[in-house]
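**Student:** Right, I'll just put the structure down here and ask away after.
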Amino acid sequence: MIITNHGVHQWDIVPGLPDTGGQNVFVNQFTHALARCGFKITIVNRGGYPHPNTDVLQTGLRYKDQNQRILYITDDRNEFVRKEDMHEQIPALVRSLDASLTAEGSKIDLIISHYWDGAKIGALYNETLPERLKHIWVPHSLAALKKRNIQKDKWANLRIDERLTAESELIQRLDCIAATSSTIRKTLVDDYGYTGPDLFLPPCVDIERIYPRTVPDGDHIWDFLSQRSGLSKEEVQGSKIITEVSRTDTTKRKDVLIKAFVAVLPHFPNSLLVVSIDEKEGALFRDLTDLIAACGAESRIAVIGSIWDLLPVLYAVTDVYCTPSVMEGFGMSAQEAAASKVPVLASSLVPFVAEYLSGETTQEIYHERHPGTSISVGDGAVIVDADDVDGFAFGLEFLLSNEQLRLKMGENAYHRTIPYFTWQDRIKDFLAVAGIEI
């Protein structure tokens, strides 16, 4: 049983829906890899409310095949609940899970939970069983880490201290924890005192979907970007494309990217920024689109929503992937870009980039025109201090001005990602360390 409680989980993930993104993609790909090894998997997700896009009620079971299914559990509210407010819903969700599995007579052999709310449901459900099951937690982020990386005035709304307490209590009730990055592992040890097995389960690339490819002139991506930017198809094809794809959240620092891009646009007038900004995130959507308008850069910034089907091709036409995010458990979009041979420009708080993509050594380069502004150049990535607009502008300028170096860094990024970060390689190590026989 895999518990990914919050967000809108389904077989065809729609990134950009509330609390829905990388973790959901991770769970589906992880499930598929386990199914290939011969396991039967039930994914558990909170339902009981209409799907935000289709209005279809999220209840019952959804089968992908005979070995993979989603079970929607319910509580006393028939509406979406954000992950920060899941505390009050958990007792009812545990009762729903117990009732569903008992009625069916299902036998569970192993619990793997994601995020704190999934872990708590798993721990409480385990206590209802006559014989306790092995329970592995995969935290994609941690309250202690988030508390360090966001402003203090945001803590109350995110219920950070409440979550920190819940996570600290949970650790005592779990068999082991699988870190998705060394940053998560270090936080578990330093902030929570975790001393259990050193399990590593990073996000991996679906190489059947994401890979380097040549995109023909007739591909739909060119018309799509033309429509979104107002440029002609030929102008889009002649542009240097900078891409950022993530959910619309203040921690992603899309404003930093927009300001940095606008700063370098006079020097690279044939560049195009493709950035995902979801209209459903009303106030933040308006803030970001107003910023674009105020900068007078509408024709050179293509604002996109959720484009799951187009993502692999978008990566393939991208020249630089940029993520100024200050809150990442790993950095899956950067990883997918790297698997497409695209160099990455990122904040120092994106673990995949800082720990793997940049390589063992980096070179500090200072900006000639802006004293004090610097970037760290590694094998497949350029790293900038978080929230440093000048630094990100310098990083874009550095990558866009040197075609051969950019292509070489893209090659390096690919080889630092593939084949190590593939499910086929990682799943075997994970199961072996966890003591699970295939």
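**Student:** Would a scan of region 163-174 turn up a residue that is surrounded by fewer than 18 Cβ atoms within 10 Å (Cβ to Cβ) and in contact (Cβ under 8 Å) with a residue 60 or more places away in the chain?
**Tutor:** Looking through region 163-174, none of the residues is surrounded by fewer than 18 Cβ atoms within 10 Å (Cβ to Cβ) and in contact (Cβ under 8 Å) with a residue 60 or more places away in the chain.
**Student:** Which numbered condition trips up Tyr49, out of (1) free of Cβ contacts under 8 Å to residues at least 40 places away in the same chain; (2) buried (at least 22 other Cβ atoms within 10 Å of the Cβ); (3) of a type in the set (Phe, Trp, Tyr)?
**Tutor:** It fails just one condition, (2).
Here's the yes/no breakdown for (1) under 16 Å from Leu257 (Cβ atoms); (2) surrounded by fewer than 19 Cβ atoms within 10 Å (Cβ to Cβ):
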position: Ala294; (1), (2): yes, yes
position: Ser299; (1), (2): no, yes
position: Ser306; (1), (2): no, no
position: Tyr321; (1), (2): yes, no
position: Met332; (1), (2): no, no
position: Glu336; (1), (2): no, no
position: Lys341; (1), (2): no, no
position: Leu345; (1), (2): yes, no
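**Student:** Follow-up question, since we're still on this one. Every residue in region 125-153 that is among the charged types (D, E, K, R) and in contact (Cβ under 8 Å) with a residue 24 or more places away in the chain, please.
**Tutor:** Correct list: Lys134, Lys146.
**Student:** Could you give every pair whose Cβ atoms fall below 7 Å, whose first residue belongs to region 185-196 and is modelled with pLDDT of 95 or more, and whose second residue is of a type in the set (Asp, Glu) and part of a helix (DSSP H, G or I), counting only separations of at least 6 or pairs across chains?
**Tutor:** Final answer for the pair search is Tyr192/Glu167.
**Student:** If I ask for residues that are outside any helix (DSSP H, G or I) and of a type in the set (Lys, Arg), which ones from region 91-142 would you list?
**Tutor:** Lys107, Arg132, Lys134
**Student:** Just the residues that are more than 12 Å from Val94 (Cβ to Cβ), out of contact with any strand residue (DSSP E or B) (no Cβ under 8 Å at 6 or more places or on another chain) and among the charged types (D, E, K, R), please, taken from region 110-141.
**Tutor:** If the condition is that a residue be more than 12 Å from Val94 (Cβ to Cβ), out of contact with any strand residue (DSSP E or B) (no Cβ under 8 Å at 6 or more places or on another chain) and among the charged types (D, E, K, R), then Glu131, Arg132 are the ones that fit.
**Student:** Filter region 220-274 for residues that are in contact with a strand residue (DSSP E or B) (Cβ under 9 Å, 6 or more places away or on another chain), of a type in the set (S, T, N, Q) and in contact (Cβ under 8 Å) with a residue 24 or more places away in the chain and give the result.
**Tutor:** Ser229, Ser239, Thr243, Ser246, Thr248, Asn270, Ser271
**Student:** In region 373-420, what residues are within 30 Å of Phe30 (Cα to Cα), modelled with pLDDT of 95 or more and part of a loop (DSSP other than H, G, I, E, B)?
**Tutor:** Gly378, Asp379, Gly380, Ile418
**Student:** Would you point out the residue of region 210-267, among those that are in a loop (DSSP other than H, G, I, E, B) and among the acidic types (Asp, Glu), that is farthest from the chain's Cα centre (by Cα)?
**Tutor:** Taking the candidates together, the pick is Asp217.
**Student:** How about region 103-127: which of its residues are of a type in the set (Ser, Thr, Tyr), modelled with pLDDT of 95 or more and either surrounded by fewer than 22 Cβ atoms within 10 Å (Cβ to Cβ) or over 23 Å from the mean Cα position of the chain (by Cα) (or both)?
**Tutor:** Within region 103-127, Tyr125 is the sole residue that qualifies.
**Student:** Pairs needed: first member in region 424-438, in contact (Cβ under 8 Å) with a residue 60 or more places away in the chain and in the same structural domain as Phe200 (by TED's automatic domain parsing); second member anywhere, part of a helix (DSSP H, G or I) and of a type in the set (Gly, Ala, Ser); C-beta distance under 7 Å; at least 6 residues apart or different chains.
**Tutor:** Listed pairs, sorted by first residue: Ile427/Ala33.
**Student:** In region 85-110, which residues are touching a residue at least 12 places away in the same chain (Cβ under 8 Å), farther than 16 Å from Pro130 by Cβ and out of contact with any helix residue (DSSP H, G or I) (no Cβ under 7 Å at 6 or more places or on another chain)?
**Tutor:** Asp85, Gln89, Pro91, Ala92, Ser96, Ser100, Leu110
**Student:** Looking only at strands (runs of 3 or more DSSP E) that fall completely inside region 301-365, which ones have 1 or more residues that are touching a residue at least 12 places away in the same chain (Cβ under 8 Å) and within 12 Å of the chain's Cα centre (by Cα)?
**Tutor:** 320-323
**Student:** All but one of (1) in the same structural domain as Glu328 (by TED's automatic domain parsing); (2) in contact with a Lys or Arg (Cβ under 8 Å, 6 or more places away or on another chain) hold for Gly282, so report the exception by its number.
**Tutor:** With respect to (1) in the same structural domain as Glu328 (by TED's automatic domain parsing); (2) in contact with a Lys or Arg (Cβ under 8 Å, 6 or more places away or on another chain), Gly282 is out only on (2).
The values are calculated or read from the model by the stated rules, or taken from the named source; none is laboratory data. Everything numeric here is computed off the predicted structure, so don't read it as measured data. Positions of Cβ are generated from backbone atoms using ideal geometry, with glycine treated the same way; all protein chains shown enter the neighbour counts.
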